[in-house]
Amino acid sequence: MRRIAVRIDRLVLKGVQEQDRPRLLKALQQDLARCVAEGAARERTALSGKREHLRGGTVRIAPGTDPARVGSQVARRIAKAITS
């Protein structure tokens, strides 16, 4: 099995309250690990090789959305970009 390392240098969280960031980031880490580790995604990621830069795009979130849900949505967007 190959090791997959993901380093996020910058994550812009406009409109996210300071107290909500830990929950958001925890969900992002957990869901990103799960998404990348899943069967077909793991294979595509392993075959894609090293990437120096990746743009995940913009995730628009309605005001009042649970921070953990936001983290999950961001994780899915990043995983999609990694595995495509």
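The values are calculated or read from the model by the stated rules, or taken from the named source; none is laboratory data. The shown structure was predicted, so the numbers you read here are calculated from the model rather than taken from an experiment. When we count neighbours, we look across all protein chains shown, and the Cβ atoms used for this are built from the backbone with ideal geometry, even at glycine.
Before moving on, here are some points about what is shown:
- Qualifying position, being modelled with pLDDT of 80 or more and not β-branched (Val, Ile, Thr), among 2, 55, 60: 60
- Qualifying residue in the range 66-79 (condition: outside any helix (DSSP H, G or I), at pLDDT below 80 and on the phi < 0 side of the Ramachandran plot): no
- On the stretch given as the range 11-36, residues that are in a helix (DSSP H, G or I) and surrounded by 13 or more Cβ atoms within 10 Å (Cβ to Cβ) total 16.
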